[in-house]
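These notes concern the structure reproduced below.
The values are calculated or read from the model by the stated rules, or taken from the named source; none is laboratory data. Values in this document were obtained by computation on a predicted structure and should not be read as measured data. Heads up, the Cβs are rebuilt from the backbone with ideal geometry, glycines too, and the neighbour counts pull from every protein chain shown. Just so you know, the surface numbers come from the protein's heavy atoms only, side chains and all, with ligands and any DNA or RNA stripped out. Shrake-Rupley method; radii C 1.70, N 1.55, O 1.52, S 1.80 Å.
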Amino acid sequence: MTSRKPDEPLARNSRLRLVRPRSLATARRAATTRRTRPAPRPPEGTPPRAELARQARLVLADAVRIARWAATPHGPRQGPRAADRPASASASASAPLDGPAAVERAAAELGLTAARVRAGWDRARLAGLVELHGATVRPGWRLQAWDRDDSAVLRGWVALLDAWSLVHPAPEGVAPGAVAEVVEAVPQVLSLLQLSQGPVLVPVLLDLLGQRVDELREERCEVPGDGAPAQPPTPAERLPSLLDWALEGLAEVGALTLDGGAGPEGRHATLTPLGNWAVWVKLEQICVAAQSPAGNIEQSAADMLRGCARLTPGPARDEYRAWLAARTLAGAVAELLAAARGEDALLRGLAFEALRVVGAPAEAEVRAAVAEPSLRPYALLWLAEYEGTDPDDAPEVLTREEATWLWVDTAAAVADHGESELLVRHLDSAVQGTVPALLDEVRAVGHPRTVQVLVALAAAHPDPALAKAVRRAAFQVHTGGS
């Protein structure tokens, strides 16, 4: 820390060795050997990402134009938005649009029909191109990065693909349970198309759909109780129309093409390059989940994070992906944030590492976490990186007080789970330039673990005079002195 001899007094301006402020994730990467497995290669013949992104931009061209129009100041204040509808209505892409006058204005200014405006607006919402804040429409991060970030484009298109059943209305007169069964069975249909590497006749897909629906019913083992009537299964005669609905919906979002004669026997479906790539990505995620490298897939979020604490970043990310793939994203995000709110500071940092793997689906919950003092610095760093800031520059979004709070919280994690030498080295990541300045601001920041951190640092530091100053600061915090 200093070159002072042990018997010399501690100078009031003893300098810390300043380095760029680092988040817990960056500090952890610096303290471990980085080992990552090579990224799997997509199937032979898959176009480059730049070409896939170009195709995705074509599919979402109307949605991007409408999103930009709606989010600009000259756009509608009462524009085509769903913010004023009930939650159940706004969740459906087929619900009526508010503000017919705004829809007509958008159609006139953009040279589109009103139907295309409504369809494009629904796609813009489903692809995450716009954000609705009460009565205000704002451009989403993906829209802001649309022209320069191929990854943002592909993530937006995959979000639209996942919502295909909202883009294309289901046939009338079909029970919701029957529609849900087909939606749940569609991934199996897509897997067959991907493995076939070419066109597949619709009757073949219909046979597979019927088998998968039967398997789903067997897995549920639905047994009525108290004399309640059993849920009627999907009639076999309705499956062809439901398959047509699914294939047409997937075709609308650009995942496949339908060709052949008018009758179902002559029609065949073929995945587009975008659809083939997306299905391959999802199959890779399933394989990762099945492997569960460290065996934490069935654990709670807190136990899974503890199991990942000793892993280096690459294997830890593999474990996060496996754990996430076995759960619904909404439930997984809520469980990770619940673990972050606990008393273990190490789990707080690791939870946000796992949320980085989640990516866009966690954005709304992370933004809400900014209002919680214990999560605010982590959430701000997550959002900065999510919006494209280099991880090494992300700490610049924190105020000095927030950076100091994060320094104490990280020190608490090191004190609880690390070695004394690592705690001493943690001094290097403080934003303050001197030991007295650091101690003053640490005392003022009000972290609940301040006393324990200072006591542990004093016990670990080899410089007697510096250790004495740190112990004095710990005593002053404990007694409420200055």
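Here are the numbers for the structure shown:
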| read-out | value |
| --- | --- |
| Highest to lowest packing among 310-316, 110-116, 273-279, scored as the average C-beta count within 10 Å | 273-279, 310-316, 110-116 |
| Span per principal axis, largest first, for the Cα atoms of the range 292-432 (Å) | 43, 33, 26 |
| Estimated FRET transfer efficiency when R0 is 25 angstrom, pair residue 172-residue 252 (beta carbons, to 0.05) | 0.90 |
| Sites residue 207 and residue 326 - FRET efficiency at Förster radius 25 Å, r taken between beta-carbons, to 0.05 | 0.30 |
| Pair residue 475, residue 51: separation of 7 Å Cα→Cβ label points (nm) | 7.3 |
| Kirkwood hydrodynamic radius over Cα pairs of the range 137-195, then Stokes diffusion coefficient at 4 °C and 1.567 mPa s, in µm²/s | 93 |
| Label point distance in nm, residue 334-residue 104, each placed 7 Å from Cα along Cα→Cβ | 4.3 |
| Fully extended contour minus Cα-Cα distance, from residue 468 to residue 399, at 0.36 nm per residue | 22.0 nm |
| Nearest-10 value in Å² for the accessible area of residue 257, using the 1.4 Å probe | 60 |
| Span from the the range 292-366 Cα centroid across to the the range 443-465 one, whole angstrom | 29 |
| Relative contact order computed over the range 324-387 (Cα-Cα under 8 Å; 6+ residues apart), in percent | 30 |
| Computed FRET value (nearest 0.05) for residue 136 with residue 422, which takes r as the C-beta separation and R₀ as 45 Å | 0.45 |
